[in-house]
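Shown next, in structure tokens, is the structure this report addresses.
The values are calculated or read from the model by the stated rules, or taken from the named source; none is laboratory data. If you're wondering where the values come from, they're calculated on a predicted model, not measured in any experiment. Cβ placement follows ideal geometry from the backbone for every residue including glycine, while neighbour counts extend to all protein chains displayed. The protein model used for the area step is the full one, side chains on, heavy atoms only, and it has no ligands, DNA or RNA in it. Shrake-Rupley method; radii C 1.70, N 1.55, O 1.52, S 1.80 Å.
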Amino acid sequence: MTIKEYVKEQKTKLKNKIGGLKVPPCFAIIQVNDDEASNAYIRGKMKDAEELGIKCELIKLNPQTTQAELLKQIDKINNDPKYHGLIVQMPLPKGIDEEVIKFSIKPEKDIDGFHPLSSLEPCTPKGIINYLIETGVQIQGKNALIIGRSNIVGKPMAKLLLKQNANVTIVHSKTSAEDMKFYIEHADIVVVAVGRKFFLDERFNYRKDAIIIDVGINRVDSHLYGDAKPGLNVQLQTPVPGGVGLLTRLALINNLMEAYENEIFNN
Ligand code: NAP
């Protein structure tokens, strides 16, 4: 099943579920920057919310906002039971410490899943693992390679693949070219999250039945490209755009639903 078909099916289920709730789930997005990529991500999240009957409020702050002012705004939402989720859109302007901001969001409302105490998983790895599981990809005992070790993609992806009993390897910028080639050519599942256009191309001899999950989003001359060159000789390669980005958005809604249900359960 393609990602588009899968996401459509999952959204229909969510829409039916949300339609039956007395109080719809509600989340806020705080935006302090005004860059093109962030605007596009926010539009996507708001479109999903509207489509599914979820309330979403965009709180747009002046780019000159100080860290103290932003923390005050976060605190307000943390303490308002009306909101089940809160996102602070990254990146933040210079002078605001992203780590301080991430950790200031109440873990129960952290639907991005960035807070170490949050029970919610980061959206990109969560979206990917759910897609693999629900479309019947065998993960147990398979060689899963993750290229990139960021806190929001690479590391949590490793945890989720390990939980599914894959043999997990992570490589990064300090991996030698020789080892990189070896690991890529022995992998059954490759999750590439490097941020370099066509990092994976036909220089490598992939396993014919390999699956490449392309996380990369590279903007070049106002076009979007993945980390993998389209059309590689593998069993499945996710497209960019229209691939992992959609899974990430779906996982965000699933995190919101979990936060909503936890809130009801705990009160
Ligand atoms: P990041 O924090 O910049 O991490 C990039 C990782 O790639 C680092 O671990 C880095 O290694 C590694 N790397 C860089 N150059 C390399 C090279 N030449 N060889 C091997 N490894 C190399 O990026 P991120 O936040 O994980 O995001 C990665 C990409 O995914 C970006 O294009 C981003 O826009 C995209 N993304 C997409 C979604 C989505 O929803 N589709 C979500 C999140 C991110 P070191 O650790 O050694 O520096």
For the stretch 91-143, the percent of accessible surface on carbon and sulfur atoms (probe 1.4 angstrom, ligands and nucleic acids excluded) is 52
Whose amide H sits under 5 Å from the amide H of Ala187, counting only residues 5 or more places off or on another chain, with H placed in the peptide plane? Arg207
Under a 5 Å amide H to amide H cut-off, with H placed in plane at 1.01 Å, what residues pair with Ile59 once short-range neighbours are removed? Ile29, Ile30, Gln31
Mean residue ellipticity at 222 nm from the helices of the chain, using -39,500 (n - 2.57) per DSSP H segment of n ≥ 4 over the full residue count, to the nearest 500 deg cm²/dmol? -13000 deg cm²/dmol
How large is the accessible surface per residue of the stretch 137-267, computed with a 1.4 Å probe and reported in Å² as a whole number? 52
How many percent of the accessible area of the stretch 161-267 is carbon or sulfur, using a 1.4 Å probe? 50
Skip the ligands, DNA and RNA, and give the accessible area per residue of the stretch 31-95 with a 1.4 Å probe, whole Å². 55
Calculate one ³J(HN,Hα) per residue across the stretch 175-186 by plugging θ = phi - 60° into the Karplus curve 6.51 cos²θ - 1.76 cosθ + 1.60, and present them in order as whole Hz with x for glycine and proline. 6, 5, 4, 5, 5, 4, 4, 4, 5, 4, 7, 9
Please check the chain for the longest run free of trypsin sites (Lys or Arg not before Pro) that are loop-located per DSSP (anything but H, G, I, E, B) and have at most 15 other Cβ atoms within 10 Å. 95-173
How much of the DSSP beta bridge set in the stretch 144-267 is antiparallel, as a percent to the nearest 5? 15
Can you tell me what share of the DSSP beta bridges in the stretch 79-229 is antiparallel? A percent to the nearest 5 is fine. 15
Taking the chain as the reference, fit the longest principal axis to its C-alpha atoms, fit the long axis of helix 3-19 to the helix C-alpha atoms, and give the angle between the two in degrees, 0 to 90, nearest 10. 20
Rounded if a/c is under 1.5, else prolate if a/b beats b/c, else oblate: with a ≥ b ≥ c from the C-alpha gyration tensor eigenvalues square-rooted, which is the stretch 165-218? rounded
Under the Karplus relation 6.51 cos²θ - 1.76 cosθ + 1.60, θ = phi - 60°, what is the ordered set of whole-Hz ³J(HN,Hα) values for the stretch 119-132, x standing for Gly and Pro? 7, 8, 7, x, 5, 5, x, 4, x, 5, 5, 4, 4, 4
Alpha-carbon Rg/Rh ratio, for the chain, with Rh computed the Kirkwood way: 0.98
